[in-house]
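This report concerns only the one structure given below.
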Amino acid sequence: MPPLRIALIGTGFMGRAHSHAWRTAGAFFDLPRTVETAVLVGRDAGRAQDLADRFGWAEVSTDWQDVVSRTDIDVVDICTPGNLHAPIALAALAAGKHVLCEKPLANSTQDATVMADAAARAHARGVVAMCGFSYRRTPALALAKQLIDDGLVGAVRHVRAQYLQDWLTDADAPLTWRLDASQAGSGALGDIAAHSIDTAQWLTGSRITAVSAILKTFVPTRPVLAEQVGLGGRGDTDGERGPVTVDDAAAFTATFDDGALGVFEATRMATGRRNANRIEISGERGAIAFDYERSNELEVYDTTDPLVAQGFRRVLATEPQHPYMSAWWPTGHGIGYEHGFTHQAVDFVRAIADGTEVAPTFADALDVQRVLDAVAASAADSSRLTVVPHPSRTESTPS
Ligand code: SOE
């Protein structure tokens, strides 16, 4: 079979992570189709050329409409801000291209629904579409899924998920596209709570049925950038401050269709927490706990262990028997953030070769989008009960 010719759209953090994945997938895994990094698309030709030179993209373009319609392109990989996901994915699917789209799928349930419908129709023509919730392909989390599916935790009672970052703690961190609702759709909610929602629904196999939420923006204005910079980058600002139009933090409770109770928190202002993507599933028979800041490890609790020896076990998910690990290093050596993107690319290529769907599908991602929009709607409906302060507090309330 001829190589799969990839066009990647986006030259930021995800553009680099996906470029790395396309460069390593065939080096560490046996792929049924070889891949060619054919065209890199970016708004800034110079920035795109620099990235292309570093990652071996054969060609650079600033025109995504032209690239997605080219007959010599087989795959379109979308790594742009969320407002462009729908137009690019719909054009690529209509042109018969396989599509890998970064998360969240879109900036609204309406767009995500149109995309999922288009992907379902395209799949009937042999086209594969996947959404880039890459944490599913962290070996320790993939192990958690295997253990839960094998019955380790039993009936799920609690889902406890926190995604804690702190790259916006500094009020003078610049106003990047992730803080602009017209591009990002939302802030911590769509950026990182989306991961928690997808992971929770994937691990448990159930779906969130209702939410009650709070969204909070702590820093209402930030320095305007002379030009876009990467995540947490500084860049040149001219002293002017512009409005932040997204949430800094989200907190919500959730009910699941299997009766479980969920508590979720997502913030990019959790001082000291760099990328603490955490989830704990508590069940009738056992529990699992994961923290991305210890991403090669999974904590497992099994009530069938002898009582005197019961406790959370720390499993180092680096054995060749653990998901994806046989392709990498000897036991105990560990892997990192970039490897989840490589695993994602591998499974995507294998699905294309087999003509099968590969999770997370656009339909899975639409299930996340519905929760995101419900959280935003719940937060906007301020029907919370006010706690009346004790009279003594009202006289000497601290400033
Ligand atoms: C920023 O919060 C971010 O880059 C997310 O957008 C990614 O999806 C996550 O993998 C790392 O953090």
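Please treat every number below as a calculation from the coordinates, not as lab data. Because the structure is a prediction, the values reported are computed rather than measured. Backbone-built Cβ (ideal geometry, glycine too); neighbour counts: all protein chains shown.
Have a look at Val35, Thr331, Gln310 and report the one farthest towards the positive end of the charge dipole of the chain, computed about the Cα centre with Cβ charges (Lys/Arg +1, Asp/Glu -1).
Of Val35, Thr331, Gln310, it is Gln310.
What are the ³J(HN,Hα) couplings of the stretch 325-336, residue after residue, when phi is run through the Karplus curve with 6.51, -1.76, 1.60 and θ = phi - 60°? Round to Hz, x for glycine and proline.
Going residue by residue, I get 6, 5, 7, 9, 9, x, 3, x, 7, x, 9, x Hz, with x marking Gly and Pro.
With the crude spin-label approximation of a point 7 Å out along Cα→Cβ, what separation in nm comes out for Arg285 versus Ala359?
1.8
For an R0 of 41 angstrom, estimate the FRET efficiency from the Cβ-Cβ distance between Ala210 and Asp63 and round to the nearest 0.05.
Plugging the Cβ-Cβ distance into 1/(1 + (r/R0)^6) gives 0.40.
If you stretched the chain out fully between Ser182 and Phe13, how much longer would it get, using 0.36 nm times the residue separation minus the C-alpha to C-alpha distance?
Taking 0.36 nm per residue and subtracting the Cα distance, the gain is 58.9 nm.
With runs of 4+ DSSP H residues as the only contributors, calculate the mean residue ellipticity of the chain at 222 nm using -39,500 (n - 2.57) per run, divided by the residue total and rounded to the nearest 500.
So the calculated ellipticity at 222 nm is -9500 deg cm²/dmol.
Using each residue's phi in the stretch 208-217, evaluate 6.51 cos²θ - 1.76 cosθ + 1.60 at θ = phi - 60° and report the 3J(HN,Hα) Karplus result to the nearest Hz, with x for Gly and Pro.
6, 10, 7, 9, 9, 9, 10, 10, 9, 10
Report the calculated FRET efficiency for Thr71 and Ser392 (r = Cβ-Cβ distance, R0 = 56 Å), to the nearest 0.05.
0.15
Can you work out the FRET efficiency for the pair Thr253 and Gln321, with r the C-beta to C-beta distance and R0 = 35 Å, to the nearest 0.05?
0.40
Determine which aspartates and glutamates satisfy two conditions relative to Lys216: a Cα distance under 13 Å, and not lying fewer than 8 residues away in the same chain.
Qualifying aspartates and glutamates at Cα under 13 Å: Asp247, Asp248, Glu265.
Enumerate the calculated ³J(HN,Hα) couplings along the stretch 262-273 in order (Karplus 6.51 cos²θ - 1.76 cosθ + 1.60, θ = phi - 60°), each rounded to whole Hz, writing x wherever the residue is Gly or Pro.
Per-residue couplings from phi come out as x, 10, 10, 9, 9, 8, 10, 9, 8, 2, x, 9 Hz.
To make sure I understand, if each residue's beta carbon is the centre and we count other beta carbons within 10 Å, what order do Val128, Val263 fall in, fewest to most?
Val263, Val128
On a straight-distance basis, which aspartates and glutamates could pair with Lys97 in a cross-link, Cα separation under 17 angstrom, same-chain partners fewer than 8 positions away excluded?
Correct list for Lys97: Glu36, Asp63, Asp66, Asp72, Asp74, Asp77, Asp117, Asp347, Asp354, Glu357.
Sort Ile148, Ile214, Ile9 so that the residue with the fewest other Cβ atoms within 10 Å of its own Cβ comes first and the one with the most comes last.
Ascending Cβ contact count within 10 Å gives the list Ile214, Ile148, Ile9.
Checking the a/c ratio against 1.5 first, then a/b against b/c, what shape does the Cα gyration tensor give for the chain?
Oblate, because a/c is 1.5 or more while a/b does not exceed b/c.
What is the distance in Å between the Cα centroid of the stretch 138-196 and that of the stretch 1-56?
After rounding, the separation between the Cα centres reads 25 Å.
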